[in-house]
Amino acid sequence: MARWAYCDKTINHADFSIDGKYALFTCEFAGGIAKIDLLNRKVVDYLHLGWESMPQDIRVASDGKIFYVADMMAGGVHPCRLEWN
């Protein structure tokens, strides 16, 4: 997966990190995920899943290490181990 610097206005779903420091929002029509710093209330990173992707729902695993991203175009789920700081 490649990083990118664009997320349109099609935010769809979100989930929160276990520590509550950030949230991840799916950008359905841009094919990516936006990471939001909740303390400073700003976008801090983006992750592009591919232009063919349509990420819709996102959920964090109980251990907080993996986010699962439902993608209707892929017909399944992307398990994303996010190594963001």
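Quick grid of which residues meet (1) buried (at least 18 other Cβ atoms within 10 Å of the Cβ); (2) at pLDDT below 90; (3) part of a strand (DSSP E or B):
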{"position": "Asp8", "(1), (2), (3)": "no, yes, no"}
{"position": "Ile33", "(1), (2), (3)": "yes, yes, yes"}
{"position": "Leu39", "(1), (2), (3)": "no, no, no"}
{"position": "Val43", "(1), (2), (3)": "no, yes, yes"}
{"position": "Trp51", "(1), (2), (3)": "no, yes, no"}
{"position": "Arg59", "(1), (2), (3)": "no, no, yes"}
{"position": "Ser62", "(1), (2), (3)": "no, yes, no"}
{"position": "Phe67", "(1), (2), (3)": "yes, yes, yes"}
{"position": "His78", "(1), (2), (3)": "yes, yes, yes"}
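Return the pair list, or none, for Cβ contacts closer than 8 Å from residues in the stretch 25-37 that are over 11 Å from Ile58 (Cα atoms) to residues that are of a type in the set (D, E, K, R), at least 6 apart or on different chains.
Sorted first by the residue in the stretch 25-37, then by its partner, the pairs are Phe29/Asp8; Ala30/Asp8; Gly31/Glu52; Ala34/Asp45; Lys35/Asp45; Ile36/Lys42; Asp37/Lys21.
Return only the number of the condition from (1) surrounded by 15 or more Cβ atoms within 10 Å (Cβ to Cβ); (2) outside any strand (DSSP E or B); (3) modelled with pLDDT of 90 or more that Asp15 does not satisfy.
Here Asp15 clears every test but (2).
The values are calculated or read from the model by the stated rules, or taken from the named source; none is laboratory data. No experiment lies behind these values; they were computed from the predicted model shown. Neighbour counts run over all protein chains shown; Cβ positions are idealised from the backbone, glycine included.
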